[in-house]
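The values are calculated or read from the model by the stated rules, or taken from the named source; none is laboratory data. Everything numeric here is computed off the predicted structure, so don't read it as measured data. Cβ atoms come from the backbone with ideal geometry, glycine included; neighbour counts cover every protein chain shown. Accessible surface is based on the protein model in full, side chains and every heavy atom, while ligands, DNA and RNA are left aside. Shrake-Rupley method; radii C 1.70, N 1.55, O 1.52, S 1.80 Å.
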Amino acid sequence: IPMTKPFIIWTLQRTGGTNLTQRLVERAGLPVTEHEPLNRERVHGWVTRRWLEDQDRQALAEGMKQVCAAPSIMKHCVEMVPWEVTEALLHASVAAGFGHMFLYRKRPVDRLLSLHFARLSGMWGPGMARAGDADAMYDEPLPVQALADHERRCSWLLDRKSTRLNSSHEWISRMPSS
């Protein structure tokens, strides 16, 4: 059954958001934007770049209104853009009638390790580069404090986003592999 209400999947990196978005797009009667379209180098990255350059809240709100004008399915990683951009997306999407889903991993350590090793190896995304000696990355000590700090910040961002949302929304957890 086609879904006709536009919605945003609010998530963090390495939670399975790309796969979830792809499956929902296959069933939806709506266009999908490029994944994480507000990242600086992406299709709506101009909104984020402009915010970083001039910190103009009115221009940010207007830009986000343009982004949300066309009903679509959007995946947004809250850790990838400044909070103000996420907050502007929240307000514009609610005003435009978007639905909201939250995707997270129940076991953050799995996400953090996946993120850490994907960054080290370059093995990430469709254009991934293969590292010459992928096994060597496992010889390096894990930056435990940096990973823990990153998780605290990400959890805070996702929680902050959900508590500011006035409409109903769904929490979706990616279950750990068994």
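Below is a table of values for the structure above.
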{"read-out": "Check on PRO108, closer than 30 Å to PRO141 by Cα, within 19 Å of the chain's Cα centre (by Cα) and not basic (Lys, Arg)", "value": "yes"}
{"read-out": "Selected residue [within 23 Å of HIS150 (Cα to Cα), surrounded by fewer than 17 Cβ atoms within 10 Å (Cβ to Cβ) and either free of Cβ contacts under 8 Å to residues at least 12 places away in the same chain or basic (Lys, Arg) (or both)] from ARG27, ARG40", "value": "ARG40"}
{"read-out": "Members of the stretch 1-24 found to be open to solvent by 20 Å² or more (accessible area, probe 1.4 Å), outside any helix (DSSP H, G or I) and more than 26 Å from LEU147 (Cβ to Cβ), listed by number", "value": "ILE1, PRO2, MET3, THR4, LYS5"}
{"read-out": "Selected residue (criterion: most open to solvent (accessible area, probe 1.4 Å)) from residues of the stretch 70-119 that are in a strand (DSSP E or B) and closer than 15 Å to LYS5 by Cα", "value": "MET101"}
{"read-out": "Residues being farther than 20 Å from THR21 by Cβ and surrounded by 21 or more Cβ atoms within 10 Å (Cβ to Cβ) - total across the stretch 43-62", "value": "2"}
